[in-house]
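The structure's right below; bear with me while I get my questions together.
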Amino acid sequence: MSALPSHARVVIIGGGAVGASALYHLAKAGWTDCVLLEKNELTAGSTWHAAGNVPTFSSSWSIMNMQRYSASLYRELGVLVDYPMNYHVTGSIRLGHSKERLQEFKRVVGMGRYQGMDLDILSPDEMRGRYPFLETHDLTGALYDPYDGDIDPAQLTQALAKGARDMGAKIFRFCPATGARREGEEWVISTPEGEIRCEKVVNAAGYYAREVGKWFGREVPMMVMSHQYILFEEIPELAAWSKEAGHKLPLLRDVDSSYYLRQEKTGMNLGPYERNCKAHWVTPDDPMPDDFSFQLFPDDLDRLEWYLNDAVERVPILGTAGLSRMINGPIPYAPDGNPLIGPMPGVPNAFEACVFTFGICQAGGAGKVLAEWVTEGETEWDMWSCDPRRYTRFAADKDYCIAKGMEIYGHEYAMHFPKHAWPAGRDRKLSPIHDRIKALGGQFKPYNGWERAMWYAKPGDDLSEEATQTWNREGPWRPRIEAECRAVTETAGILDLPGFSRFRVKGEGATAWLSSLITGKVPKPGRIGLAYFADDKGRIVTEMSVMMLDEDFFFLITAATAQWHDFEWLAKHLPDNAAFTIEDVTDSFSCQILSGPNSRAILAEVSDADLSKGWLTHQPAQIAGRWCQLVRVSFAGELGWEIHTKIEDTAAIFDAVWAAGQKHGLKPFGMEALDSLRIEKGYRAWKGDLSTDYTILQGGLDRFVDWTKPDFKGKPALEQERQQGVTKRFVLLTVDAGECDAPYMSTLWHGGKVVGETTSGNWGYRVGKSIALGMLSADLTVPGTEIEVEIYGDRFKAIVQPDGPLFDPNNERLRA
Ligand SMILES: Cc1cc2nc3c(=O)[nH]c(=O)nc-3n(C[C@H](O)[C@H](O)[C@H](O)COP(=O)(O)OP(=O)(O)OC[C@H]3O[C@@H](n4cnc5c(N)ncnc54)[C@H](O)[C@@H]3O)c2cc1C
């Protein structure tokens, strides 16, 4: 082995499938001066013992994209890098036991087809045609994925490593990274072979990522589960069938029973995600060893007994097979089960590509995404679902990670229904008036850990988990949400909104700097406005409200979940020697949304404010003897104010407003009602309607672009796009929907062709219609055009609406 170089452009720590793919993709991008450090042999972590399944299925658009890319890379990788590999594309059958499961499959089929994959739904007869040993009497249907298969994870890693080496990248095995420190603009990584300096560093240390993260002052939110699969001996009937058919059986996933069953040579491999699951290395009597290379946990067959029996009933020939071997290995979990790929929060020039629960099928796509982050600072696809900044500090708490990891693992194949709130790891951050909201019937969901009321239940409402197991609009919540919307429209509603992210920017030059970053005009002191931040390609990075207090002094207010993402965007663009400061003051403030025609009368009773001040103004005021900032905006599209308070004054101010509001018909309303109200106004939501998958102009945000400014970030790209004309464009659609409104990424059809996709959908109670926001081929955006929306497999008529709000198009109620 050659000596460790003293310098490299990038150092990757960890040589599993993901680290190797990251190195391969960096080299492919021309960054060949990169070094991978592996403390043992390549694949020594989770990779060597992985079952190697390569599904494309995901109910997440971005993760499906990543897995689709992996599968297509793996098909050609052996030839590309001249490294033969065992990769069997067998197809897979995913069994459905219920109507809801079939709806989920139909939605995924729609997304898959949009991404160019020919996924399909099978009837029980068709399943038996592909899988003759299957019991189908209790099944409603199945999803067939012709691209699914299995790969040898070690060969995959070696192939990626060879490809990277051939392009000039270097791999050092048996060379652990032992620490990292920052010197000037460089990282210095220490190893027993000496130190290596680099511009950028990647933590790809798999289940050791938390330990590696600590060197950078980063607490990686993760935990480690034990995951097992059972290998069976030859099944003569299967061997005979396979020989005659000339191929293997498709992989079977019984997702409602929670296992996969795969043909392994002439035997089988059963891999359950058991409810009675086990975390490892979480208690003092089970410490994480310094080195676990190529090791396994002891077998634990008892945990899998129910799944084994279930699989034997499903595929009876399995009952004739002898058990040959068990594999029980460590598998890391982030609190939502998705990996961490992207910038390491708060740490310059450091990145994460770790905590993969499905790192074999995702390695290919993850390497591409990671390499884009490193070389370009942005990614082709919006990858928020895997962005490390989606978690903030609270999520690093070990107990939280354990509770969420156990929950996700035990429900690995569960359906994620829109009205269901997963119970583990809750109540991490509570509003100062949480108890009052709860007493009023609040049904909560967390946003960046903050519990917010989604809707308010009344005594007798069915609040069981079972009631939430539906994709339908109808449910115990529906009449309550409708009543909440009515209160906001007819009298007044109040919504407790803890955790609104908030940054204070102050000092000379701050206004000019902001203007250089946003596409539009900076509001004048005393005013508030929406600001859009574009990247150099003109794509939508984020949206913030700018509350201008004075020249060079303002608050930027943004989504709770955007807290670290948006702060980093600002910090990254801070000029050297800036005379102004940016401070994250999220935890010091809280907010109430008071909205509805009676809100002025309510505030008049409790505040000293000048309530004649118009829309988009703000002013300091006193309520109950406490300071607050009254901001004349309403995401609900009615007359209204946001009441921003110091966190410690929230309760007193809420109590005063609440008491005064009673005779004015004030009711609490939740996030569900707010979402319904905002969609009627065509207001976009972050990371649905607003993402880097779209440019500012595609997003229909032209009115927030000030072309007269000499320059702003993204301007050249947007100017070019304006000259060439946008190809797809934001639209508001009314939909003749059935029982369900259009979820994110529902396909839009016209004349039998795919013409766009939805970015959000909901029922609008004020207009009595199902509404979808989406992106449509620009030639079809003429108001009145009839198209179709595919919702859970069925197509529904939709009409393109004029550009502007559907409800109160002239904003008269807002300005009242
Ligand atoms: C039983 C089982 C079955 C599975 N089946 C599948 C499957 O069918 N499909 C699928 O997609 N996924 C599967 N997985 C998950 C899959 O194994 C992992 O997601 C994947 O291997 C993660 O790859 P990685 O490169 O991120 O991490 P790892 O493979 O764990 O690699 C991390 C590497 O970093 C090295 N390292 C750690 N610390 C240092 C340091 N300080 N310096 C240098 N090197 C360091 C380690 O030695 C290790 O080699 C399975 C997991 C288990 C346990």
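The values are calculated or read from the model by the stated rules, or taken from the named source; none is laboratory data. Everything numeric in this text was worked out from a predicted model, so none of it was measured. Because the Cβ atoms are built from the backbone with ideal geometry, glycine has one as well, and the counts that use them run over all protein chains shown. Surface areas here come from the heavy atoms of the whole protein model, side chains and all, with no ligands, DNA or RNA. Shrake-Rupley method; radii C 1.70, N 1.55, O 1.52, S 1.80 Å.
Given a 1.4 angstrom probe, I'd like the percentage of the accessible area of the chain that is carbon and sulfur, rounded to a whole number.
50
Sticking with this structure for a sec: Using DSSP to call loops (not H, G, I, E or B), can you name the trypsin sites (Lys or Arg not before Pro) in segment 451-529 whose Cβ has at most 16 other Cβ atoms within 10 angstrom?
Of the trypsin sites (Lys or Arg not before Pro), the ones in loops of segment 451-529 whose Cβ has at most 16 other Cβ atoms within 10 Å are K521.
Using just the helices of the chain, give the 222 nm mean residue ellipticity in deg cm²/dmol: DSSP H runs with n ≥ 4 each add -39,500 (n - 2.57), and the total is spread over all residues, rounded to 500.
Helix-only estimate at 222 nm: -8000 deg cm²/dmol.
Take the cross-link list K537/K646; K404/K537; K368/K537; K214/K438 and give me the ones stretching past 29 Å between alpha-carbons. Intermediate results must be reported in sequence, preceding the final value.
Details: K537/K646 38 Å; K404/K537 36 Å; K368/K537 19 Å; K214/K438 38 Å.
Cα-Cα > 29 Å for K537/K646; K404/K537; K214/K438; rest within.
Can you compute 3J(HN,Hα) from phi for each residue in segment 804-813, using the Karplus curve 6.51 cos²θ - 1.76 cosθ + 1.60 with θ = phi - 60°, rounded to whole Hz and x for Gly and Pro?
Karplus values, whole Hz, x for Gly and Pro: x, x, 7, 9, 6, x, 9, 6, 5, 5.
Okay, moving on. Could you tally the net charge around S92, taking each other residue with its Cβ under 12 Å from the Cβ of S92, Lys/Arg +1 and Asp/Glu -1?
0
Hey, what do the phi angles of segment 326-332 turn into as Karplus ³J(HN,Hα) couplings, whole Hz, using 6.51/-1.76/1.60 and θ = phi - 60°, x for Gly and Pro?
10, 10, 10, x, x, 9, x
Related question: Report the local net charge at V606: Lys and Arg +1, Asp and Glu -1, summed over other residues whose C-beta lies under 11 Å from its C-beta.
Overall, the nearby charge balance is -2.
Helix 477-490 versus the longest principal axis of the chain: what is the Cα-based angle in degrees, 0 to 90, to the nearest 10?
Orientation of helix 477-490: about 30 degrees from the principal axis.
Now a separate question. Starting from the Cα of K687, draw a straight line to each of the aspartates and glutamates and keep only those under 16 Å, dropping any in the same chain fewer than 8 residues away.
E378, E380, D382, D387, D535, E543, D566, D675, E757
To continue, here is another question. For K769, go through the lysines and keep the ones whose alpha-carbon is under 20 Å away, minus same-chain ones fewer than eight residues off.
Cross-link targets: K419, K681, K797.
Between the alpha-carbon centers of segment 591-625 and segment 280-298, tell me the distance in whole angstrom.
58
Another question, if that's okay. Using alpha carbon centroids, what distance separates segment 499-527 and segment 119-174, in Å?
49
What order do you get for 2-11, 222-231 when each peptide is scored by the mean count of other beta carbon atoms within 10 Å, highest first?
Values: 2-11: 16.2, 222-231: 23.9.
So the order, starting with the most tightly packed, is 222-231, 2-11.
I want the local charge near V767. Using Cβ-Cβ distances under 11 Å, sum +1 for each Lys or Arg and -1 for each Asp or Glu among the other residues. Write out the running numbers ahead of the final one.
On the way: positive: K681, R766, K769; negative: E680, D808.
Net charge in that neighbourhood comes out at +1.
If you fit an axis through the alpha-carbon atoms of helix 17-28 and take the longest principal axis of the Cα set of the chain, what angle between them do you get, 0 to 90°, nearest 10?
80
Please report the spacing between the Cα centers of segment 364-440 and segment 16-49 in Å, no decimals.
Each part's Cα centre sits 26 Å from the other's.
Same structure, new question: Along segment 212-219, what does the Karplus equation 6.51 cos²θ - 1.76 cosθ + 1.60 (θ = phi - 60°) give for ³J(HN,Hα), rounded to whole Hz, x for Gly and Pro?
5, x, 4, 4, 9, x, 10, 9
For M344, list long-range residues whose amide hydrogen, built 1.01 Å from N in the peptide plane, is under 5 Å from its own amide hydrogen.
Result for M344 returns A350, F351, E352.
Kindly identify the chain as rounded, prolate or oblate by the Cα gyration tensor criterion: order the square roots of the eigenvalues as a ≥ b ≥ c, call it rounded if a/c is under 1.5, otherwise compare a/b with b/c, prolate if a/b is larger, else oblate.
prolate
Follow-up. With a 1.4 Å probe and all protein chains left in place, how much accessible area per residue does segment 303-433 have, in Å²?
So segment 303-433 comes to 32 Å² accessible per residue, rounded to a whole number.
Under a 1.4 Å probe, what is the accessible area of segment 98-170 per residue, stated in Å²? Don't skip to the answer; put the middle values down first.
Values: 2740 Å² over 73 residues.
With all protein chains present, segment 98-170 gives 38 Å² per residue.
On to the next question. If the cut-off is a Cα-Cα distance under 16 Å, which aspartates and glutamates reach K248, setting aside same-chain residues fewer than 8 apart in sequence?
Once the sequence-local aspartates and glutamates are set aside, what remains near K248 is D145, D148, D150, D152, E233, E234, E237, E264.
For segment 1-59, just say rounded, prolate or oblate: build the C-alpha gyration tensor, square-root its eigenvalues into a ≥ b ≥ c, call rounded for a/c under 1.5, and beyond that prolate if a/b exceeds b/c, oblate if not.
oblate
I'd like the orientation of helix 359-376 relative to the chain: the angle between its Cα long axis and the longest Cα principal axis, in ° from 0 to 90, rounded to 10.
The two axes meet at around 50 degrees.
If you count only protein heavy atoms with a 1.4 Å probe, what accessible area per residue comes out for segment 624-780, rounded to a whole Å²?
Per residue, segment 624-780 has 34 Å² of solvent-accessible surface.
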